[in-house]
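What follows is one structure encoded as structure tokens, with my remarks underneath.
The values are calculated or read from the model by the stated rules, or taken from the named source; none is laboratory data. Predicted, not measured: the structure shown is a model, and the values here were computed from it. Ideal geometry is used to build each Cβ from the backbone, glycine not excepted, and the neighbour counts take in all protein chains shown. Only protein heavy atoms, including side chains, enter the accessible area calculation; ligands, DNA and RNA are left aside. Shrake-Rupley method; radii C 1.70, N 1.55, O 1.52, S 1.80 Å.
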Amino acid sequence: MNMEESKAFVEAWHTIMLIGAISLIAIGIVIFLIYQFKVALVKSLKDKYDFVNANEIKWYKWVFIFFGIAAALAINLYGKDEIGGPGVSFFVRLFFSLAGATLVIYIAQLVLDYYYPTRLNVKLRRLRYSPRTSSNGSKMKLLSEDEEDVHLNEGMQAEENVFSIDYDVWVDEKTSEIKIEKYQGHLTSLQCHNCGFYT
């Protein structure tokens, strides 16, 4: 490869890396915004709780995967003028860019798997205990563990007793309208094939 071809290759490589890095950062931001939009579209607080609990960490992981790849492309922009073409230094820079992407993605995965659930739990608790409204628009009261047993059947109470499922019972004291919401308990549970309850 002559000097002219090497220069053209480096210029093309630099342009591809620059456009790719910007595009991937934009894609990561768009994924984040789409997720926020999907959360905003969920009307019921219980449905929003379930959606956020099931999806938030997964969506954020995708955001950081795109950011990590963008970091790899950005690292490839370093030292453009010193690299004459696809020689040893070019491949060294390629190796460092892959290492950088792996580091960004791996650290993000660790944060999302081990630190972020604590933050997510705060958000979920806020959704779970925000006051509910009945069908006529009045505020409902969340019953205590002792008060709610009247509204739960034996199977539901058994699930709560073994901490496999937790039920919240909301009551409109004016109209006696009741909402029963089901949440995962503190322990791992299995569904019974006979009765269908989680114990």
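Restricting the range 45-94 to residues that are among the basic types (Lys, Arg) and over 30 Å from Leu124 (Cβ atoms), which is modelled with the highest pLDDT?
Going through the qualifying residues, I end up with Arg93.
Looking at (1) closer than 19 Å to Ala54 by Cα; (2) at pLDDT below 90, can you tell me which one Ala158 breaks?
(1)
Could you check the range 120-138 and list, in sequence order, the residues that are among the basic types (Lys, Arg) and either in contact (Cβ under 8 Å) with a residue 24 or more places away in the chain or open to solvent by less than 20 Å² (accessible area, probe 1.4 Å) (or both)?
Lys123, Arg128, Arg132
Against the definition (open to solvent by 50 Å² or more (accessible area, probe 1.4 Å), among the charged types (D, E, K, R) and within 23 Å of Asn76 (Cβ to Cβ)), how does Lys7 come out, yes or no?
Judged against the criteria, Lys7 is a match.
Any idea which residue in the range 21-44 is nearest to Leu127 (Cα to Cα), counting only those that are more than 17 Å from the chain's Cα centre (by Cα) and surrounded by 17 or more Cβ atoms within 10 Å (Cβ to Cβ)?
Here the answer is Ile25.
Which condition from (1) farther than 30 Å from Asp172 by Cβ; (2) in contact (Cβ under 8 Å) with a residue 40 or more places away in the chain; (3) among the β-branched types (Val, Ile, Thr) is the one that Val52 breaks?
(1)
Does the range 85-101 contain any residue that is touching a residue at least 24 places away in the same chain (Cβ under 8 Å), open to solvent by 40 Å² or more (accessible area, probe 1.4 Å), farther than 29 Å from Lys182 by Cα and among the hydrophobic types (A, V, I, L, M, F, W, C)?
Yes, the range 85-101 contains a residue that is touching a residue at least 24 places away in the same chain (Cβ under 8 Å), open to solvent by 40 Å² or more (accessible area, probe 1.4 Å), farther than 29 Å from Lys182 by Cα and among the hydrophobic types (A, V, I, L, M, F, W, C).
If you take the residues of the range 159-176 that are open to solvent by 40 Å² or more (accessible area, probe 1.4 Å) and of a type in the set (A, V, I, L, M, F, W, C), which of them is nearest to the chain's Cα centre (by Cα)?
Checking each candidate, the answer is Phe163.
Residues that are under 27 Å from Tyr60 (Cβ atoms): list the helices (runs of 4 or more DSSP H) wholly contained in the range 94-178 that include at least 3 such residues.
In the range 94-178, 116-129 are the helices (runs of 4 or more DSSP H) which contain 3 or more residues that are under 27 Å from Tyr60 (Cβ atoms).
Identify, please: which residue in the range 45-81 is within 30 Å of Phe9 (Cβ to Cβ) and among the charged types (D, E, K, R) and is, among those, most open to solvent (accessible area, probe 1.4 Å)?
Asp81
Examine the range 25-34 for a residue that is outside any loop (DSSP other than H, G, I, E, B) and aromatic (Phe, Trp, Tyr), and state whether such a residue exists.
For the range 25-34, residues outside any loop (DSSP other than H, G, I, E, B) and aromatic (Phe, Trp, Tyr): present.
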